[in-house]
Structure formats: C-alpha cells, structure tokens
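One structure is given below, encoded as structure tokens.
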Amino acid sequence: MSTLLQARGLRASYGATRALDGLDVEIGRGELVALLGENGSGKSTFLKVVARIVRPQGGDLLFDGQPLSSVERRESARRIAYLPQNPDLVFPIRCLDLVLQGRAPYSRGFSADSLEDSERALAAMRVCDVEALADRDAAALSGGERRRVFLARAVAQDAEIWLLDEPTSGLDPRHRLEFLELVRRTHAERGTTVLLVTHEIDLAGEMADRVVLLRGGRALASGPPADTLTPDRVRETFGVESRIEVDAEGRKRVVPYASTR
C-alpha cells in the first residue's frame, strides 16, 4: 500500500497552546484510519491541518509525496473533504445547494452550477439516502440527517480523502448505526482514504484498518486494532485500566473500568 499522507515532526498551535508537538504518522492510500486519544491530544487539529484550515508551524506534511503547502488550493479542495465535528449552519440553505458546494472546486468562477454538477449532487444524495431532503432547509434537519447530507457533499466532491471529525457525536443509536454503515459502504465502493477521529475505542476496533493513538500532540502507537488496542496502550493513552472481553461471536471488546490518575 502506497503512502498518501505523511506527517514528519508536525507542529501546530492555537496561540500559546501547542496542539501538535512533533507528530509522526503515515496514512496509506485506501486505508480507514481511526485517530484515538484524549481531548487535547491533537486529533482534530491534525484533520484541520490536512484540510488546510490550520497552518502548521513546523515539520513536514506530505501529500502524495509532495509538501501539501505546494499543492494548488483548488486541487487539494477537490481531493480532500472535511466533515467537521459540529456541522452547524448559520444561514438557511437548501440541502441540494449544500451538497452542490462539493462541486465548487470544479466550477469556473461565479458561473452557475452546470447540469453535470446538479446530476452529480443528486446522485450523491441518492447514495447517502438523502435525495428526499433535497429541497429541505439543512439547518432544520436532525443531527443524523445533517451528517448524511454533509457526507453526500463529500461524495459529490469526488474526494480522495475524507476527514471525519467525531461524526457520530451526539447521534442516537439508530442514526449512529445508519451513518457508520453508510461510511463503510461508500468507503468500500469508492476506495477512499478515511481519517476518522473518535473517542469510541470499540468503534475504532470494529471499523479501522489501522489505529493511531495520540497523546500530547504525538503518536504513541500506530497499527492494526489488535496490536494497538491493548490494556497497556489504552492505559498509556487514556489513563484508564481496561480488560478485553470476547462476545459469543468471537468479537473482542475493550472495557475500561478504572482511572489510573
């Protein structure tokens, strides 16, 4: 598997607060990678640096072998889709128009959306099962519906990399399961590279090809879930004791049970 993203000694801060402090990590093309760590460990900041929302202050971030900073903005906007942790909307916007934003990197200036753009947007909404919401105000949707609409925007964008920042946060069990199944299906069908930020250890173990554990803006470990989601690693990452339980179908589950701090 070829490397698509590589961080080497990556640093980033918010004012005087250091968020990434020499992060080293590689993301392979077509991988689904879960980023796990406590609040403030640098997970969301790493996504924002890749999305070019936060500017790094040191180190290197390579995209397809070249510095991301040297990639034309329009090209990275086509290839990288970002779904924020809280996709809040300040102004009313029709769901179809929100999905059409994914086509913006392909447009010519201020020209109207083309027929191809509209067809791609509607096709993406069908993939994400939100076509019926096309004329609804996205700001009036439930959390689960809104996240599916934002995912449809990423599908319409035809992005190579999806950056999903705690996409199941605040969702009820049914909408959580539906959203995760949608991510699994579209990832498998399109061969996208997915970076998934989560606090859910079990979710990382179930979905990810590889887990990266972060603490203090650095990577503690990176590898398959079976190698990284161990009691020792969980203790080092989250400061809790844990045990491994196996259900009747042979699936392993990490169960935290006591703080070590």
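The values are calculated or read from the model by the stated rules, or taken from the named source; none is laboratory data. The shown structure was predicted, so the numbers you read here are calculated from the model rather than taken from an experiment. Because the Cβ atoms are built from the backbone with ideal geometry, glycine has one as well, and the counts that use them run over all protein chains shown. To get the accessible areas, we keep the full protein, side chains included, count just its heavy atoms, and leave off ligands, DNA and RNA. Shrake-Rupley method; radii C 1.70, N 1.55, O 1.52, S 1.80 Å.
At q = 0.19, 0.31 Å⁻¹ the log10 of I(q)/I(0) for the range 61-103 amounts to -0.74, -1.14, computed by Debye summation with a single uniform scatterer per C-alpha, solvent ignored. Loop-located GluC sites (Glu not before Pro) in the range 1-108 (DSSP state not H, G, I, E or B) with no more than 11 neighbouring Cβ atoms inside 10 Å: Glu72. With viscosity set to 1.306 mPa s at 10 °C, what whole-number translational diffusion coefficient in µm²/s follows for the range 65-203 from Stokes-Einstein and a Kirkwood radius over Cα pairs? Calculated translational D: 103 µm²/s. Using C-alpha pairs under 8 Å with a sequence gap of at least 6, the mean separation divided by the residue count of the range 142-251 gives a relative contact order of 18 percent. The separation of the range 105-178 from the range 244-261, counted between C-alpha centres, amounts to 34 Å.
In the chain, the DSSP-assigned H stretches of four residues or longer account for a calculated mean residue ellipticity at 222 nm of -9500 deg cm²/dmol, using -39500 (n - 2.57) per stretch and the full residue count as denominator. Each Lys or Arg adds one and each Asp or Glu subtracts one; over the other residues with Cβ under 9 Å from the Cβ of Pro231, this totals +1. Dividing the Cα radius of gyration of the range 1-43 by 2.2 N^0.38 Å, with N the residue count, gives 1.31. The calculated pair-distance distribution of the range 199-261 uses every alpha carbon pair, bins of 5 angstrom beginning at 0, and gives 4, 18, 29, 28, 15, 5, 1, 0 percent. Computed over the alpha-carbon pairs of the chain, the distance histogram in 5 Å steps reads 1, 6, 12, 16, 18, 16, 13, 9, 5, 2, 1, 0 percent, short to long. All other residues whose Cβ lies under 11 angstrom from that of Cys95 are scored, Lys and Arg at +1 and Asp and Glu at -1, for a net of 0.
Which of the chymotrypsin sites (Phe, Trp or Tyr not before Pro) across the range 49-128 are loop residues per DSSP, with 16 or fewer other Cβ within 10 Å? Listed in order of number, the matching sites are Phe110. Rolling a 1.4 Å probe over the protein heavy atoms of the chain, with every protein chain left in place, gives an accessible area that is 47 percent carbon and sulfur.
What is the local net charge at Asp165, summed over the other residues whose Cβ is closer than 12 Å to its Cβ (Lys, Arg +1; Asp, Glu -1)? Local net charge: +2.
With no solvent and one point per C-alpha, what does the Debye sum give as log10 I(q)/I(0) for the range 143-196 at q = 0.17, 0.22, 0.23, 0.28 Å⁻¹? Scattering profile of the range 143-196, log10 relative to I(0): -0.48, -0.80, -0.88, -1.26. Each peptide among 213-219, 50-56 gets the average number of other Cβ atoms lying within 10 Å of its residues, and from highest to lowest they stand as 213-219, 50-56.
Nearest 20 debye, what's the magnitude of the dipole of the chain about its Cα centre given +1 on Lys and Arg Cβ and -1 on Asp and Glu Cβ? Roughly 620 debye for the chain. By the equivalent-ellipsoid construction on the alpha carbon gyration tensor, the range 1-139 comes out with semi-axes of 31, 18, 15 Å, ordered largest to smallest.
Across the range 156-229, the convex hull enclosing all Cα atoms gives 108 Å³ per residue.
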